[in-house]
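Read the figures in this text as sums done on the coordinates, not as results from a lab. Nothing here was measured: the structure is a model prediction, and the numbers come from that model. When we count neighbours, we look across all protein chains shown, and the Cβ atoms used for this are built from the backbone with ideal geometry, even at glycine.
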Amino acid sequence: MGGSMGGSGIVNIFSNDETASKQARKRLKAKLEAAGFSVPADFDPAAELIVCVGGDGSLLNTLALLGFPEIPIIGVNTGHLGFFQELRPGDMDEFIFRYKEGQYLIQSLKTVSGEIVRDEGEPSFVKGLNEIVIRGARSTVARLNIFMGDSFIETFRGDGILVSTPAGSTAYNYALGGSIVDPRLDLIQVTPMAPVNNSAYRSFASSVLLPPHMSLNVLPEYGREKNMLIVADGVEHNYSGVRRIHIELSENTVKLLRFANYDFWNKVKEKLL
Ligand code: NAP
């Protein structure tokens with residue numbers, strides 16, 4: 001039988017390797033099957049729902065592993081921070097009941113995508129639900145020419161820059177002093193990482209906010225280090241001979257299932273204060 005979305009009746013469950021998560025996954029599978037859903041052992045792209053058991057990190061890993069599918073996803077938190085995770089293991093019966101009754105909402109979260117153009121070879125692409133970080137591959141001061149749209153803005157000097165989605169604003173961005181953004185807003189936040197500001201050099205010291213259609217181009221300063229470390233949702237990618245990195249908000253959204261009474265600011269209060 002299908003869920004409230006009139007879907008396939010198939011639910012994919014992923015979990016991290018912790019014992020508590022594996023146990024919760026097993027219990028949820030049994031409950032879903034008893035409620036008439038089919039829970040395959042491997043990912044089925046025809047599924048109407050993905051459940052991810054673990055923490056935010058597990059949800060991010062699952063999305064990256066599956067290539068950011070359009071299928072709605074819900075998280076079960078097994079003892080982590082759980083900003084994205086809507087459920088606790090004890091909520092499963094209530095969740096199945098509410099899901100079948102259609103008592104939920106879908107939070108559509110924009111992702112951020114990056115195109116890395118190098119001196120040789122085809123461009124590479126990265127994507128993140130939280131953020132993309134651009135930094136030098138070595139522990140020296142990164143020198144990055146920053147263009148907003150077509151306009152050259154500054155030569156940034158520092159550890160690097162972090163480009164955050166609204167959903168990622170409460171993660172690494174927040175630890176760097178960036179602003180918390182209500183995910184109903186559509187914008188890109190660019191947060192400097194340890195910017196150098198002295199009598200010789202000037203870089204933006206605060207985050208800047210850009211409209212959703214504006215892209216960001218980052219070019220290593222001419223004649224300088226071209227080996228870059230690009231980190232998408234915590235996953236590191238090393239690139240040599242980087243000529244340009246183009247970053248923009250992607251139309252590819254993550255559809256996070258929430259209970260009907262979900263409130264972003266209550267979550268912020270509960271998790272961050
Ligand atoms: P991790 O370094 O093991 O843990 C990162 C922490 O950030 C976890 O506690 C995670 O929650 C939490 N988190 C993830 N997304 C969040 C969000 N949107 N809002 C609030 N908290 C969030 O790495 P990970 O678990 O693989 O997660 C990757 C993320 O780590 C990256 O996207 C980046 O934002 C973040 N990170 C943060 C720092 C920092 O704060 N200094 C440094 C590096 C990376 P759970 O406990 O529920 O998993």
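For region 195-273, which GluC sites (Glu not before Pro) are in a loop by DSSP, counting at most 14 other Cβ atoms within 10 Å?
GLU221
5 Å is the cut-off here: which amide hydrogens, built 1.01 Å from N in the peptide plane, fall below it relative to ILE13, excluding neighbours closer than 5 in sequence?
So ILE13 has HN proximity to VAL51.
So for the chain: antiparallel DSSP bridges make up what percent, rounded to the nearest 5?
If we restrict to bridges inside the chain, about 80 percent are antiparallel.
Taking the Cβ of VAL190 as the center, what net charge do the other residues with Cβ under 13 Å away carry, scoring Lys and Arg +1 and Asp and Glu -1?
-3
Return the subset of LYS29/LYS255; LYS127/LYS271; LYS110/LYS267; LYS31/LYS267 for which the Cα-Cα distance in this structure is over 23 Å, preserving the input order.
LYS127/LYS271; LYS31/LYS267, as the Cα separations exceed 23 Å there.
How large is the convex hull of the Cα atoms of the chain per residue, expressed in Å³ as a whole number?
Expressed per residue, the convex hull around the Cα atoms of the chain is 136 Å³.
Apply the Karplus curve 6.51 cos²θ - 1.76 cosθ + 1.60, θ = phi - 60°, to the phi angles in region 225-231 and return the couplings in whole Hz, x for Gly and Pro.
The phi angles translate into 3, 10, 8, 10, 10, 10, 10 Hz.
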